[in-house]
Amino acid sequence: MRDITKVFQGLCLGHKSVITSQRHLITLLNHEMNRAFKDRLTDPQDVVYYSKVATTQILEKFNRLEQEESVEDKDRMFVTFRDRNIDTIVKI
């Protein structure tokens, strides 16, 4: 239960200036799920399996996202430590 709470907590910390489209929200969701679940996996096969299942589910649930668009946006990073005076997640 704590793990899914961390995902939603991360989503709630997303600042409205960062989450400007459905794609940004999906990228943040994927980022938070990876931090809560994927980062704990130690077996490379489990990591590949998790990535495949997560991508399939996101594409299925958010059908407006085009198949050719990447769910994992490798150029985007969400952080909370960039500015200690900000209590929200910002994109760098």
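What follows is calculated from the coordinates using simple rules that are stated; it is not laboratory data. Bear in mind the structure is a predicted one, so any value in this text is a computation, not a measurement. We place every Cβ from the backbone using ideal geometry, glycine too, and count neighbours over all the protein chains shown.
By average Cβ neighbour count within 10 Å, what is the ranking of 37-47, 51-61 from highest down? Provide the component values of the computation, followed by the final result.
Values: 37-47: 11.1, 51-61: 12.9.
Answer by packing, highest mean first, reads 51-61, 37-47.
Extension gain, H24-S51: 0.36 nm per intervening residue step, less the Cα-Cα distance, totals 7.9 nm. With K and R counted +1 and D and E -1, the other residues having a Cβ less than 14 Å from that of D3 yield a net charge of +3.
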